[in-house]
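Novice: Here you go, one structure.
The values are calculated or read from the model by the stated rules, or taken from the named source; none is laboratory data. Given the structure is predicted, the values throughout are model-derived calculations rather than measurements. Note that each Cβ is placed from the backbone with ideal geometry, even for glycine, and that neighbours are counted across all protein chains shown. SASA here: full protein model, heavy atoms, side chains in, ligands and nucleic acids out. Shrake-Rupley method; radii C 1.70, N 1.55, O 1.52, S 1.80 Å.
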Amino acid sequence: MISVLYQNEVYRLLKSRRLKVMLALMLLPVIVYFFTHEEITEYGAKALEISFQINISQFLINFWASVIGQLVVIIIMSDLLASEIDRGTIRILLVKPIKKSEIVLGKFFSGITAVALIFGIPYLVMQIYMVLLYKAGFEGFTATFDDFLFVLVITILVLGSLGGVSMLLSVILSRPLYASLASFGLVFTAQFILPQLPFFDNPERFNLSYQIGVLLKKGFTLNTGLDAYKGDPNMSGMFFLGVILLSLIFTLLGLYRREYEG
């Protein structure tokens, strides 16, 4: 049943106008790069890989994982369960032979699939364009494909943790709009208000974009600009993975504690 729920939810998300608008928004940095990229003075796979790591990390930190990207994930993930609760259709799911844990996991992974498409397609378009730009051919594509996968996994890990928190708040608040506003308020407070308190050292580490820089430097060894991001990539990765797991556990507990009367 979880596979059916997952497939139906992914199909619903792919049909939605909201996802298409968000995908178009995430393509903006790629369009900007089309017209503003640096003059190419050296061609080949090695030059391509260096440029790809530099450019995609800058766009990810400054745009894709910024407030705009975070808001995109919040809107998608907040709607998954809250819309079912708000419309009352959650009761239909609960009477079917499917566990509540399968409902939570099916909804979460369908949302993550949508997030992977919204961010992954722009990453892939940028990679293919740069392969053509640097005349690197198939060798260049294979040389940067690991980097493409690496940056996509980091995006899903960091923004997926934000999505898990959004799902948890959606079960508590029951309405997509309230859950989105609460999630954004929580993220804004954690990243921009609490770090201003005087007893926090290195307040920049509370910013998700900064933590992405920390994670990227583990695999993007050719981009020396990432050395400015101080922190342990392994600890950051474990933290975001832990947030995802705890959010899903508490979301499941929230479903068990609530009563949905017919």
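Novice: Taking the Cα atoms of the stretch 138-191, report the difference between the largest and smallest coordinate on each principal axis, in whole Å and largest first.
Specialist: 50, 22, 13
Novice: Turning to a different aspect of this structure: How many nm separate the modelled label positions at F250 and T36, each set 7 Å beyond the Cα in the direction of the Cβ?
Specialist: Those two pseudo-labels are separated by 3.8 nm.
Novice: Let me ask something else. For the peptides 31-39, 146-154, what is the packing order when you average, over each peptide's residues, the other Cβ atoms within 10 Å and list the highest mean first?
Specialist: The packing order, highest mean first, is 146-154, 31-39.
Novice: Describe numerically, in nm with one decimal, the distance between label points set 7 Å from Cα along Cα→Cβ at R12 and at V67.
Specialist: For R12 paired with V67, the spin-label model returns 3.1 nm.
Novice: Using only helices, what value at 222 nm comes out for the chain when you add -39,500 (n - 2.57) per DSSP H run of length 4 or more and divide by the total residues, to the nearest 500 deg cm²/dmol?
Specialist: So the calculated ellipticity at 222 nm is -25500 deg cm²/dmol.
Novice: So, taking all protein chains as they sit and a 1.4 Å probe, how much accessible area belongs to F108, in Å² rounded to tens?
Specialist: Counting only protein heavy atoms, the figure is 10 Å².
Novice: Calculate I(q)/I(0) for the stretch 1-136 by the Debye formula, one identical point scatterer on each C-alpha and no solvent, and give its log10 at q = 0.16, 0.17 Å⁻¹ to two decimals.
Specialist: -0.84, -0.90
Novice: Any idea which of V153, L93, Y123 is furthest toward the positive side of the dipole for the stretch 78-167, if Lys and Arg beta-carbons carry +1 and Asp and Glu beta-carbons -1?
Specialist: Highest projection toward the positive end goes to L93.
Novice: Which helices, taking whole DSSP H runs in the chain, have alpha carbons extending 15 angstrom or more along the helix axis plus mean Kyte-Doolittle at least 1.6?
Specialist: What comes out of the filter, once short or polar helices are dropped, is 137-173.
Novice: Taking the chain, how many lysine pairs are there with alpha carbons less than 13 Å apart, if each pair must be eight or more places apart or span two chains?
Specialist: Lysine pairs meeting both conditions in the chain amount to 4.
Novice: Would you mind calculating the relative contact order of the chain from Cα pairs under 8 angstrom and at least 6 residues apart, reporting the percent as a whole number?
Specialist: Rounded, it is 29 percent for the chain.
Novice: Okay, next question. Find the accessible area per residue for the chain; the probe is 1.4 Å, ligands and nucleic acids are left out, and the unit is Å².
Specialist: About 51 Å² of surface per residue is accessible.
Novice: List the extent of the Cα atoms of the chain along each of their three principal axes, largest first, rounded to whole Å.
Specialist: That gives 68, 46, 28 Å along the principal axes, largest extent first.
Novice: Would you please put 50-57, 236-243 in order of how densely packed they are, using the mean number of other Cβ atoms within 10 angstrom per residue and starting with the highest?
Specialist: Descending packing order for the listed peptides: 50-57, 236-243.
Novice: For the stretch 12-109, which whole percent of the accessible surface, found with a 1.4 angstrom probe, sits on carbon and sulfur atoms?
Specialist: Of all accessible area on the stretch 12-109, carbon and sulfur atoms account for 64 percent.
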